[in-house]
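What follows is a short report on a single structure.
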Amino acid sequence: MRTESTQNIINSVKPINPIAAYLGGKRLLAKTIVPLIEKIPHNIYCEPFMGMGGIFFRRTQKPKCEAINDINSEIINMFRMVEKFPNYLADMLKFKICSRAEFKRMLATPPLLLTELERAVRYLYIQKNAFGGKTFSQVFGVALDRPGRFNAERLISQIQELHKRLVGVYIECLPYQEFITRYDRPDTLFYLDPPYWGCENDYGKGIFGKTDFDELAKLLKGIKGRFILSINDVPEIRRIFKAFYIKEVQTLYTTGLQPGKKASELLISNVDLSRL
């Protein structure tokens, strides 16, 4: 386990919400995880499993170097377009409405037939309207007690906020193993939010399997930097990651309008989180 400290260079940054809902987002656990991240000295902050950035964007501190990564090329293309062409992206979304027919049309359109900007529009529109923030097998979500989640005017301001936050951030689309190896330094802090045990196919078949948990544990044993990993609390995970510090935390699992279900999750680290 690592006990040495490193001098970190940190700037304050305004926390923002992710631009769209995402299955497994960390809205509730962020209040627990973010303070722990900000108590661990680091100059490089990296997320190998970015998703919509439920932790990344809710942080209040920014070190001198940040890098995000996801194997889903549609997510990464969206972030790249937000960073590079926010005004063009906003213009293309300006006249979109919350429509089941448009949702189905977008869903049926192969993304590789589109330009990078059109792909970003498609991804954002689908993700904003998909029930439960699902990333595959999406269906149009309707909540009769609130306005439609797709609001072009609000989305345009979100794009501008996201653009400002992504300035200077390295954006990668690599296998998690390669990303971790490339960015590992003694002053690196990784936050990892992989697919949960038993939910490996929720983000696409064959992307991450049960054998990846063993590979990830082996990889993390050898890194120079520090890490925090969040995962569901099951015996298999406790066994695979038994070489590290394990902290149990409580959260709620919510989907759509269903009441929250209490659940235990684990924060796993090579830092003793109970001492922070």
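The values are calculated or read from the model by the stated rules, or taken from the named source; none is laboratory data. Not measured: the values here are computed from a predicted model. For neighbour counting, all protein chains shown are included, and Cβ atoms are generated from backbone atoms with ideal geometry for every residue, glycine included. Accessible surface areas use protein heavy atoms only, side chains included; no ligands, DNA or RNA. Shrake-Rupley method; radii C 1.70, N 1.55, O 1.52, S 1.80 Å.
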Query - helices (runs of 4 or more DSSP H) wholly inside region 150-223 containing at least 3 residues that are over 25 Å from Ile268 (Cβ atoms) - result: 152-166
Report summary line: Picking from Asp184, Asp193, the residue that is touching a residue at least 12 places away in the same chain (Cβ under 8 Å), acidic (Asp, Glu), in contact with a Ser or Thr (Cβ under 9 Å, 6 or more places away or on another chain) and within 30 Å of Lys64 (Cβ to Cβ) would be Asp193
Report task. Scan region 93-102 and give yes if some residue there is exposed (fewer than 14 other Cβ atoms within 10 Å of the Cβ), in contact with a strand residue (DSSP E or B) (Cβ under 8 Å, 6 or more places away or on another chain) and either touching a residue at least 24 places away in the same chain (Cβ under 8 Å) or not in a loop (DSSP other than H, G, I, E, B) (or both), otherwise no. Result -> yes
Report summary line: Looking across region 36-60 at residues that are β-branched (Val, Ile, Thr) and crowded, with 18+ Cβ neighbours inside 10 Å, the single one that is nearest to Thr181 (Cα to Cα) is Ile44
Query raised in the report: Among the residues of region 69-92, which ones are out of contact with any helix residue (DSSP H, G or I) (no Cβ under 8 Å at 6 or more places or on another chain) and either of a type in the set (A, V, I, L, M) or assigned to a loop (DSSP other than H, G, I, E, B) (or both)?
Result: Ile76
Report task. Determine, yes or no, whether Ala101 is within 20 Å of Gly204 (Cα to Cα) and at pLDDT 90 or above. Result -> no
Query - Selection within region 220-242 - touching a residue at least 40 places away in the same chain (Cβ under 8 Å) and buried (at least 17 other Cβ atoms within 10 Å of the Cβ) - result: Leu220, Ile223, Gly225, Arg226, Phe227, Ile228, Leu229, Ser230, Ile237
Report summary line: Taking region 243-276 and the residues there that are modelled with pLDDT of 95 or more and among the aromatic types (Phe, Trp, Tyr), the one that is least open to solvent (accessible area, probe 1.4 Å) would be Phe244
Requested in this report: Could you tell me whether any residue of region 202-212 is closer than 19 Å to Ile55 by Cβ and of a type in the set (S, T, N, Q)?
Outcome: no
**Report entry** Tally of residues being within 26 Å of Lys39 (Cβ to Cβ) and of a type in the set (S, T, N, Q) across region 202-228
**Finding:** 0
Query - Unmet criterion (only one of (1) open to solvent by 50 Å² or more (accessible area, probe 1.4 Å); (2) in contact (Cβ under 8 Å) with a residue 60 or more places away in the chain) for Asn69 - result: (1)
Report summary line: Matching residues in region 150-182 (more than 23 Å from Asn11 (Cβ to Cβ) and of a type outside the set (S, T, N, Q)) number 14
Query raised in the report: Name the pairs whose Cβ atoms lie under 7 Å apart, with the first residue in region 113-135 and open to solvent by 30 Å² or more (accessible area, probe 1.4 Å), the second of a type in the set (Asp, Glu) and not in a loop (DSSP other than H, G, I, E, B), and 6 or more positions between them or separate chains?
Result: Arg119/Glu74
